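These notes concern the structure reproduced below.
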Amino acid sequence: MPNKMTMYAIIAAFWLAFLAIIGVNLIGNTVMFGSPLHSEHHPVVKFGFPIEVVEAAPTEAGGAAARVSSVPLIAAASLDEGTAIFKKCGSCHTAEAGGANKVGPNLHDIVGAEIGDHNSFKTTDSLIAIGGTWTYEKLDDYLENPKRLAPKGSMSFAGLKKPQDRAAVIKFLMSNTQNPPAIPAAAETPAEAAAAAAPAAAAPAAAPASTNPVSH
Ligand code: HEC
C-alpha cells in the first residue's frame, strides 16, 4: 500500500511539474511576444525591428538599381557650380578653345560631338564602341560611371554620383561648346526611349510570320 501511495505521489509530482512548465511557458510567451494586454509594457518592439530591416532592404536595393538621369536638371543647373566641379576633371582635361590634350582630350565643343578621338586625341576602342554622338543622356551616363558605357575605356575617374553634380558639369561643358544641341524636354525623353525600343519589338514579331507563310 505505501508503495502504491508513493507511486501516486510521484505521478502527481510529474503532473504538477508538467503543468508548471506549461504555465511558465505561457507566461513567458506572453512576456516575450506580447498579448494584446501587455504589448505596451514589454520589449515587443525589439522583436519587430529586425523584420522591418529585412523588408527595407529590397526597397533600398531597387532604388539604387534605377538610374536617375540628370538631364532634366541641366537647364536649371548652376554654371558656377559646374565650373567648380570641372576642377575634378581638370587634372586630365582642359575645356577652353585651343586647350591642350592632357591625360584625356581637350573637351571644347564636346556636347553633341562624335564620341571618341575628340580633338585628335587617340581614345580607346571601348570608348569609340559607344557609337554616335555625345547626347545629354550619354554624357550623363558616362559621367556617372565611365566604365558602364566604356568598360575597357581609359578614363580613370570614379564618376559623379549626384545627379546635380553631373547636371552642373554638363552645363559647364555646354558653356564651352559653340552650338550645343537643345536639351531634350522632360517629355521627349520617354518618347525617345519608346522610339528606340520599337524596332527591337518589331523584329521578333516579324520573324514567326516569315518562317510560317502558310498561316496567313
Ligand atoms: C584621371 C584622368 C581623367 C579624369 C579625372 C577625367 N577624365 Fe575624362 N577622359 C580621360 C581619358 C584618358 C579619356 C579617354 C577615354 C578612353 O579613351 O577610353 C577621357 C574621355 C572623356 C570624354 C570622351 C572624349 C571623347 O573623345 O569622346 C569625356 C566627355 C570626358 N572624358 C569628360 C570628363 C569629365 C566631364 C570629367 C570630370 C567630371 C572627366 N572626364 C574626368 C581622363 C580623365
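The values are calculated or read from the model by the stated rules, or taken from the named source; none is laboratory data. Note that the structure is a prediction, hence the values are computed from the model and not measured. No Cβ is skipped: glycine too gets one built from the backbone with ideal geometry, and neighbour counts run over all protein chains shown.
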statement: Sole miss for residue 26 among (1) modelled with pLDDT under 70; (2) touching a Cys at 6+ places or on another chain (Cβ under 7 Å) is condition (2)
message: Out of the residues in region 104-131 meeting the condition of being within 29 Å of the chain's Cα centre (by Cα) and within 21 Å of residue 74 (Cα to Cα), tell me which one is surrounded by the most Cβ atoms within 10 Å (Cβ to Cβ).
response: 107
message: Scan region 100-117 and tell me whether some residue there is within 20 Å of residue 180 (Cα to Cα), in contact with a Ser or Thr (Cβ under 7 Å, 6 or more places away or on another chain) and assigned to a strand (DSSP E or B).
response: yes
query: Can you tell me which residue in region 86-99 is farthest from the ligand (Cβ to nearest atom), limited to those that are buried (at least 17 other Cβ atoms within 10 Å of the Cβ) and over 21 Å from residue 182 (Cα atoms)?
result: 94
- request: Being over 28 Å from the mean Cα position of the chain (by Cα) and in contact (Cβ under 8 Å) with a residue 24 or more places away in the chain is the filter here, so list the residues in region 86-96 that pass it.
  value: 95, 96
statement: Those residues of region 153-170 which are more than 9 Å from the ligand (Cβ to nearest atom) and not in a loop (DSSP other than H, G, I, E, B) amount to 163, 164, 167, 168
query: When only residues in region 68-85 that are away from the ligand (no atom under 15 Å from the Cβ), assigned to a loop (DSSP other than H, G, I, E, B) and surrounded by 12 or more Cβ atoms within 10 Å (Cβ to Cβ) count, which is nearest to the chain's Cα centre (by Cα)?
result: 68
First in region 160-178 and hydroxyl-bearing (Ser, Thr, Tyr), second anywhere and more than 10 Å from the ligand (Cβ to nearest atom) and outside any helix (DSSP H, G or I), Cβ under 9 Å, 6 or more apart: 177/108; 177/109; 177/112
query: For region 100-122, how many residues are within 7 Å of the ligand (Cβ to nearest atom) and touching a Pro at 6+ places or on another chain (Cβ under 7 Å)?
result: 2
